[in-house]
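The structure under discussion appears below in the form of structure tokens.
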Amino acid sequence: EIIETANTLRSCCDVVVVAGIGGSYLGARAVIDALSNAFAAFTKSKKNPAIVFAGNNISEDYLAELSSFLKRKQFGIINISKSGTTTETALAFRILKTQLEEQVGKKEAQKRIVAVTDAAKGALRKLATQEGYKTFVIPDNVGGRFSVLTPVGLVPIAIAGYDIRALVKGAADMEAATDEKVPFAENPSMIYAATRNALYRKQKGIEILVNYQPKLHYFTEWWKQLYGESEGKDLKGIFPAGVDFSTDLHSMGQWIQEGERTIFET
């Protein structure tokens, strides 16, 4: 069903705007950026719609520039919000919905808007039912930051042209590799958790996630949310930071190598 919906939008849109914030966009953006050609936006032949993001800030400049970019473009919208009342996303969606209806008419706009939201309640669920939008459900037992393997992430990733069946298969393989029954010495998740805990007990309160691949910048941003939102409670938790090497070696490198020894690198 996700693939069918993605193909529908791919067939009629040059651009698809993903409206969401936090877990409603970071995971999808991490995957799409990691798999995309760094210069795809500048190539003339595009097999897949351009994926752009909105509702993750309240910059008037960004919204004005996005609106200008979308004029005379064939575009669609994926609105991702469990409640439908998250300020940044609701604001962006209201502006984008109005623009889309003005450009293609209300009936055609209904076909180009997809809502990913709660199964039964909330402002977005009510609007989607009222307007007749295609909808997907955010499961009740999945927190936003973990939702990339639900329609929250899979719909945008599929529209971008990537094989979501292979992605889910890879996730299932990793789930098996990190199962509680896998012996400690062979379990990467257990080793990672134990190492972080040992370092934290030695007053290493900052973890820096390092990548040497620019396409992994948003993977780092997603990782920061996963750990910061999960662990930053009760006046405890390792502070998650990230750097893009080797670029940041020439800016942050001095501090990392010779600054305060409260850090560890992953």
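The values are calculated or read from the model by the stated rules, or taken from the named source; none is laboratory data. Predicted model only: the values in this text are computed from it and were never measured. Using ideal geometry, Cβ is built from the backbone for each residue, glycine included, and neighbour counts are taken over all protein chains shown. Just the protein is used for accessible areas: all its heavy atoms, side chains included, with ligands, DNA and RNA removed. Shrake-Rupley method; radii C 1.70, N 1.55, O 1.52, S 1.80 Å.
Computed from label points 7 Å out along Cα-Cβ, the spacing between Ser83 and Leu35 is 3.1 nm. When you filter the trypsin sites (Lys or Arg not before Pro) in region 207-250 for DSSP loop state and at most 12 other Cβ atoms inside 10 Å of their Cβ, you are left with Lys233, Lys236. Can you list the lysines whose alpha carbon sits under 21 Å from that of Lys121, skipping same-chain ones fewer than 8 residues off? List returned: Lys82, Lys97, Lys134.
Among Ala109, Ala241, Ala64, the largest mean-square fluctuation in a Gaussian network model of the chain, built with springs joining Cα atoms closer than 10 Å, belongs to Ala64. Surface composition of region 33-160: carbon and sulfur atoms hold 55% of the protein heavy-atom accessible area at a 1.4 Å probe.
Might you tell me the accessible area per residue for the chain, computed with a 1.4 Å probe and given in Å²? Walk me through the intermediate numbers first.
Numbers: 15020 Å² over 266 residues.
Accessible surface, normalised per residue, equals 56 Å².
A Gaussian network model of the chain, with springs between Cα atoms under 10 Å, assigns the largest mean-square fluctuation among Asp118, Asp244, Asp179 to Asp179.
From the C-alpha gyration tensor of region 1-93, pull out the three semi-axes of the equivalent ellipsoid (sqrt of 5λ each), sorted largest to smallest, in whole Å. The partial results should precede the final answer.
Numbers: eigenvalues 88, 53, 39 Å².
Square roots of five times the eigenvalues give 21, 16, 14 Å.
Between Ala193 and Ala171, the distance separating the two model label sites (each 7 Å from Cα on the Cα→Cβ line) works out to 1.9 nm.
May I have the pair-distance distribution P(r) for region 110-230, computed from all Cα-Cα distances with 10 Å bins from 0 and rounded to whole percent? Per 10 Å bin, starting at zero, the Cα-Cα P(r) for region 110-230 comes out as 10, 28, 35, 18, 8, 1 percent.
Of Lys47/Lys73; Lys47/Lys111; Lys169/Lys236; Lys71/Lys111; Lys47/Lys126, which sit over 26 Å apart, Cα to Cα? Don't jump to the answer; show the numbers that get you there.
Numbers: Lys47/Lys73 16 Å; Lys47/Lys111 21 Å; Lys169/Lys236 35 Å; Lys71/Lys111 18 Å; Lys47/Lys126 34 Å.
Result: Lys169/Lys236; Lys47/Lys126 exceed 26 Å.
Taking all protein chains together and a 1.4 Å probe, the residues Arg165, Arg29, Arg261, Arg112 rank Arg165, Arg261, Arg29, Arg112 from largest to smallest accessible area. Projecting label points 7 angstrom from Cα along Cα→Cβ for Thr98 and Lys47 puts them 3.9 nm apart. Our analysis of the chain gives Rg over Rh at 1.00, with the two radii drawn from alpha carbon positions and Rh computed by the Kirkwood formula.
Quickly rank 32-39, 88-95, 251-258 as a protection proxy: mean count of other C-beta atoms within 10 Å, highest first. All intermediate terms of the calculation are to be shown ahead of the outcome.
Numbers: 32-39: 14.1, 88-95: 19.9, 251-258: 12.0.
Packing order, densest peptide first, comes out as 88-95, 32-39, 251-258.
Of the GluC sites (Glu not before Pro) found in region 144-199, those in coil by DSSP whose Cβ has at most 15 other Cβ atoms within 10 Å are Glu180.
In deg cm²/dmol, rounded to 500, what helix-only [θ] at 222 nm does the chain give when every DSSP H run of at least 4 residues adds -39500 (n - 2.57) and the total is split over its residues? Intermediate values should be presented prior to the final figure.
Details: 11 runs with 124 residues, N = 266.
Taken over the chain, the calculation gives -14000 deg cm²/dmol.
Gain on full extension, evaluated as 0.36 nm per residue between Thr8 and Leu249 minus their Cα-Cα distance, stands at 82.4 nm. Near Asp179, once Lys and Arg are set to +1 and Asp and Glu to -1 for all other residues with Cβ below 14 Å from its Cβ, the sum equals -3.
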